[in-house]
Amino acid sequence: MNTEKLSSLIESSNRIVFFGGAGVSTESGIPDFRSPDGLYSQKYDYPPETILSHDFFYAETEEFYRFYREKMLCPDARPNAAHRALARLEEEGKLLAVITQNIDGLHTLAGSKNVCELHGCANRNICRKCGRVYSAEHILSTAGIPRCSCGGLIKPDVVLYGEALDGDTMDRAISAISRADLLIVAGTSLTVYPAAGFVTLFRGENLVLINKSETPMDHLATLVIRQPVGQVLERAVFPTAYESRR
């Protein structure tokens, strides 16, 4: 079976890098953007791409925060089997890094230490005036436009449309991929650049793609799996635990 082959590839690899997208977090109850039920398919006064943009944040800050609180903050979400499996692989010394397009912070909550958050993290919200950091829970406890105790505007530490990805985070991600012997890409359509271009930087032996639909990179993969990410990684990393629950 495909999961058995993945388990074998993991066992024979020592420099694994995981690159994940929204499909990693949907099993934790966090909606994605592009599925039929995703945020892009819902109706608002403005398209989500407009609301989640740099210009809109500063021009219509209160409307931005209404959407941000309702749709982008998921305080009850918890790590799923995929997050836990990756934390275990890092603990075992086999995983170099987790590279994620998600902003939910669930990899860190699961125990992963070397996490490259390409689009930032909604658990960090920073005062533009003094730099004080506020949690997502604090933002949810406020109404209207959240202000720092110093009076400054609080901005989520996430990359909005129209903003550049953080250079240091990009460098860390590229460095990890360039050293990997196994690259596992999961829960992403590989259509959003520049992150999608990371796959072309991989020079290792085995590329594994786990996604429910086809991606433009499928033809490059050693192994393609069309199943939920959490289920696949749990079976590959914790086979005994998975079988005991069946």
If one builds a Gaussian network model of the chain from Cα atoms under 10 Å apart, the most fluctuating residue listed among 86, 165, 153 is 153
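When the Cα atoms of the range 1-141 are enclosed in a convex hull and the volume is divided per residue, what value in Å³ results? Don't skip to the answer; put the middle values down first.
Working: hull volume 17.9 nm³, N = 141.
For the range 1-141, the hull spanned by Cα atoms encloses 127 Å³ per residue.
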Note to self: with every protein chain in place and a 1.4 Å probe, the range 65-136 gives an accessible area per residue in Å² of 43
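Just in the range 117-214: which GluC sites (Glu not before Pro) are loop by DSSP and have at most 14 other Cβ atoms within 10 Å?
Numbers: sites: 117, 137, 163, 205, 214; in loops: 163, 205, 214.
Taking the range 117-214 and a limit of 14 other Cβ atoms within 10 Å, the loop GluC sites (Glu not before Pro) found are 163, 205, 214.
With a 1.4 Å probe and every protein chain kept in, tell me what percent of the accessible surface of the range 174-227 is carbon plus sulfur.
52
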Along the dipole axis of the range 105-170 (charges at Cβ: +1 for Lys and Arg, -1 for Asp and Glu; origin at the Cα centre), the most positive-end residue among 108, 118, 133 is 133
Within the set 173, 59, 87, GNM on the chain using Cα springs under 10 Å gives the largest fluctuation to 59
Computed ³J(HN,Hα) along the range 197-208: with the Karplus parameters 6.51/-1.76/1.60, θ = phi - 60°, integer Hz and x for glycine or proline, the list is x, 4, 4, 6, 8, 6, 10, x, 7, 10, 10, 10
For the range 154-246, the per residue accessible area (1.4 Å probe, Å²) is 48
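Per DSSP H run of n ≥ 4, the term is -39500 (n - 2.57); total these for the chain, divide by its residue number, and report the mean residue ellipticity at 222 nm rounded to 500 deg cm²/dmol.
Computed mean residue ellipticity for the chain: -8000 deg cm²/dmol.
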Excluding residues fewer than 8 positions from residue 113 in its own chain, the aspartates and glutamates with Cα under 19 Å of it are 90, 91, 92, 104, 157, 166, 168, 171
Of the accessible area of the range 1-133, computed with a 1.4 Å probe and all protein chains kept, carbon and sulfur make up a percent value of 46
Helix 81-91: inclination vs the chain longest Cα principal axis, degrees, rounded to 10, gives 70
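Over the chain, what is the relative contact order in percent, taking alpha-carbon pairs closer than 8 angstrom and at least six residues apart?
Computed value for the chain: 24 percent relative contact order.
The values are calculated or read from the model by the stated rules, or taken from the named source; none is laboratory data. Note that the structure is a prediction, hence the values are computed from the model and not measured. Cβ sites come from the backbone with ideal geometry, for glycine too, and all protein chains shown count toward neighbours. Remember, those area values only see protein heavy atoms, side chains included, never the ligands or the DNA or RNA. Shrake-Rupley method; radii C 1.70, N 1.55, O 1.52, S 1.80 Å.
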